[in-house]
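Just below is one structure, and these are the notes that go with it.
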Amino acid sequence: MAGVIKVAVLGAGGLGKACAAVIAKKKQMRLVAICDKEGYAYLPNGLDADAISRVKIGGTVGDLECGKQVADSIGEIVGISKEIDGIFIALPNLPNDFMFNVVKRFISADYKGCFTDALKRTTAMEMMFGLYDPLKQVKSTYITGCGATPGLLTAAAVIAAQSFIEVENVNIWWGVGIANWEEYKATIREDIAHLPGWTVDTALSMSDEKVEDFLDKTNGILELHEMEHADDLLLERIGVVDSRDKVTVGGIMDTRNAKKPVSTTMTLTGITFDGKRSSHRFILGDETGMAANVIGPALGYLKRALWLNQHEIYGIYGSTEFMPCVVR
Ligand code: NAD
């Protein structure tokens, strides 16, 4: 792949800032644009990840020396999109069609590049797959579900499935620890939306104070079971399971402690050709935090999307359909 890949990140929250920090350590990628709700920054020669990391929660990248405060920062990135090879979408997906509508704006502007996201909800991803034809028409390539789960763990399930004639079930159980919920506001609101009695809309309508009151009552812990997670759709789509209800996702989020409350595992159980039932288990190292396990795959798949685009393969695909590349 010739040349440095020019990347834009939509969203300068927890994952957006982590993405800037990871790209700063890569030779093959350069972060040229980033935006948040209040502003954006664009520098063709590359943005300074340290300066981005110093933007405080509640501040804006529009305040950076090269930044601009604007009402429609995504519109500004759409405006410069001809200068961008690949986009990682680190926006909240609240409401459920938020990212879908953002991508449509790039399609309307005839953007001919690549995208990855760390989308989580099955219904949101189903909507995103509906953009196959429009993306193909503009010659863009999109890989969806490129975070930790779906993403890293779902891809591991595809590899694990190779030992079996029949896959009986896939169980993902994640543990995430963060020191402060405000560093990852969208992640926490979206997790609350998975709790019994909550919806995406009720979680979206919560003020920050309400989220804090809620977390006070649970001692900062969110335990989630039977989540509506697109790992099921992605594994059904390529035939690892014949029915998505064989995939279960849950986990524990500690919003007051950076240490993982439990290890993250993906366990796939199946029957071999000679009739043996067994399980493969993929365990993430406890020291690898959420940001490392989301941003690594998101960028690895972005490089894969570029490779596909250069081979004239356009449209939208899932993270279970291709291996991520390694970004050096
Ligand atoms: P965050 O709340 O920390 O950051 C979101 C950013 O988006 C903020 O900078 C905010 O200002 C910006 N934003 C919001 N509305 C905007 C708009 N209209 N225009 C421009 N910018 C806007 O979020 P986060 O915790 O970093 O999570 C980002 C996404 O990643 C979420 O959707 C979350 O669910 C997802 N996620 C996926 C995984 C996975 O493994 N698949 C794991 C963690 C998070």
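The values are calculated or read from the model by the stated rules, or taken from the named source; none is laboratory data. Not measured: the values here are computed from a predicted model. Heads up, the Cβs are rebuilt from the backbone with ideal geometry, glycines too, and the neighbour counts pull from every protein chain shown.
Figures for the structure shown
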{"quantity": "Qualifying residue in the stretch 216-236 (condition: free of Cβ contacts under 8 Å to residues at least 24 places away in the same chain and in contact with a Ser or Thr (Cβ under 7 Å, 6 or more places away or on another chain))", "calculated": "yes"}
{"quantity": "Answer residue from the stretch 78-106, given it is part of a loop (DSSP other than H, G, I, E, B), hydrophobic (A, V, I, L, M, F, W, C) and out of contact with any Cys (no Cβ under 8 Å at 6 or more places or on another chain) and is surrounded by the fewest Cβ atoms within 10 Å (Cβ to Cβ) among those", "calculated": "I80"}
{"quantity": "Qualifying residue in the stretch 49-71 (condition: free of Cβ contacts under 8 Å to residues at least 60 places away in the same chain, touching a strand residue (DSSP E or B) at 6+ places or on another chain (Cβ under 9 Å), under 22 Å from W307 (Cα atoms) and more than 9 Å from the ligand (Cβ to nearest atom))", "calculated": "no"}
{"quantity": "When residues of the stretch 272-317 are limited to those that are assigned to a strand (DSSP E or B) and either free of Cβ contacts under 8 Å to residues at least 24 places away in the same chain or within 20 Å of K27 (Cβ to Cβ) (or both), the one farthest from the chain's Cα centre (by Cα)", "calculated": "S279"}
{"quantity": "The stretch 100-123 residues that are under 13 Å from V9 (Cα atoms) and modelled with pLDDT of 95 or more, paired with ones that are within 14 Å of the ligand (Cβ to nearest atom) and assigned to a loop (DSSP other than H, G, I, E, B) (beta carbon under 8 Å, 6 or more apart)", "calculated": "V102/L91; T116/C146; D117/G145; D117/C146; A118/A90; A118/G145; A118/C146; A118/A148"}
{"quantity": "Test: residue in the stretch 64-77 that is assigned to a loop (DSSP other than H, G, I, E, B), crowded, with 22+ Cβ neighbours inside 10 Å, out of contact with any Cys (no Cβ under 6 Å at 6 or more places or on another chain) and not basic (K, R)", "calculated": "no"}
{"quantity": "Selection status of K17, within 16 Å of the ligand (Cβ to nearest atom) and in contact with a helix residue (DSSP H, G or I) (Cβ under 9 Å, 6 or more places away or on another chain)", "calculated": "yes"}
{"quantity": "Set N45, N96: member being within 13 Å of the ligand (Cβ to nearest atom) and of a type in the set (S, T, N, Q)", "calculated": "N96"}
{"quantity": "Any hit, the stretch 166-189, residues being more than 22 Å from the chain's Cα centre (by Cα), modelled with pLDDT under 95 and away from the ligand (no atom under 16 Å from the Cβ)", "calculated": "no"}
{"quantity": "Single residue of the stretch 274-295 satisfying the filter (among the polar types (S, T, N, Q) and more than 16 Å from the ligand (Cβ to nearest atom)) that is surrounded by the fewest Cβ atoms within 10 Å (Cβ to Cβ)", "calculated": "S278"}
{"quantity": "Verdict on G147 being more than 16 Å from the ligand (Cβ to nearest atom), at pLDDT 95 or above and out of contact with any strand residue (DSSP E or B) (no Cβ under 7 Å at 6 or more places or on another chain)", "calculated": "no"}
